[in-house]
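Worksheet for the structure shown next.
The values are calculated or read from the model by the stated rules, or taken from the named source; none is laboratory data. Small disclaimer: the values here were computed from a predicted structure and weren't measured. Here the Cβ positions follow ideal geometry from the backbone for every residue, glycine too, while neighbour counts run over all protein chains shown. Please note that ligands, DNA and RNA were not included when accessible areas were found on the heavy atoms of the full protein model with its side chains. Shrake-Rupley method; radii C 1.70, N 1.55, O 1.52, S 1.80 Å.
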Amino acid sequence: MCGCPVVLRRSGLTPDDASSVQACIDGMPYRGPDENGIWRDDHVGLGHVRLSIIGLSNGHQPLFSADESLVLVCNGEIYNHHELRARFQAEGAVFLTQSDSEVLIHAYRAWGDDFLQHVDGMFAFVLYDRQRGRLLCGRDHAGKKPHYYSETADSAVGSSEVKA
């Protein structure tokens with residue numbers, strides 16, 4: 001039961017935006033008592049509080065693609081991660097962690113916008129494609145894991161909890 005706060009500001013993150021991501025993390029320690037992390041660039045701030053279940057020693061989030069062009073935070077479990085990992089490794093993909101969530105990065109690379117058709121699980125995620133300047137928020141088909149968001153002309157915010 002992790003938590004994933006996100007802030008996007010098209011005109012550029014402010015110091016208050018960065019503080020907001022930290023405040024969200026501080027406000028939900030029960031969702032991820034094991035560790036937390038924040039990543040940000042000029043326009044996007046991603047946070048994560050983690051309850052470690054898979055990839056115990058090296059599944060710290062946010063997760064990155066090998067070239068760091070993709071950044072991911074995820075709450076939940078990918079049920080078919082073993083099969084997806086084996087497929088991508090057979091095709092030459094390099095995994096940086098043992099986290100089941102990392103397969104989402106490789107699935108996005110392999111199948112683009114249709115990648116969720118190949119993923120089975122209960123999850124909510126935020127994936128930032130830095131090269132395309134694109135932020136994707138999604139969740140499993142049944143909607144078991146929540147992700148709430150709000151959008152304005154210049155910004156978007158989201159989290160695993162409404163109060164965040």
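Kindly indicate whether Cys2 is under 14 Å from Leu72 (Cβ atoms) and at pLDDT below 90. Outline the logic, then answer.
Working: under 14 Å from Leu72 (Cβ atoms): yes; at pLDDT below 90: yes.
So Cys2 passes the test.
Can you name the number of the only condition in (1) farther than 19 Å from Ser65 by Cα; (2) in contact with a strand residue (DSSP E or B) (Cβ under 7 Å, 6 or more places away or on another chain); (3) charged (D, E, K, R) that Lys163 fails?
For Lys163, the exception is condition (2).
Hand me the list of strands (runs of 3 or more DSSP E) wholly inside region 51-164 holding 3 or more residues that are open to solvent by 30 Å² or more (accessible area, probe 1.4 Å).
134-139, 148-151
Out of everything in region 106-144 that is of a type in the set (Lys, Arg) and within 20 Å of Leu8 (Cβ to Cβ), what residue ends up being farthest from the chain's Cα centre (by Cα)?
Arg132
Answer yes or no: is there a residue in region 12-34 that is modelled with pLDDT of 90 or more and either among the hydrophobic types (A, V, I, L, M, F, W, C) or on the phi > 0 side of the Ramachandran plot (or both).
The answer is yes, given that some residue of region 12-34 is modelled with pLDDT of 90 or more and either among the hydrophobic types (A, V, I, L, M, F, W, C) or on the phi > 0 side of the Ramachandran plot (or both).
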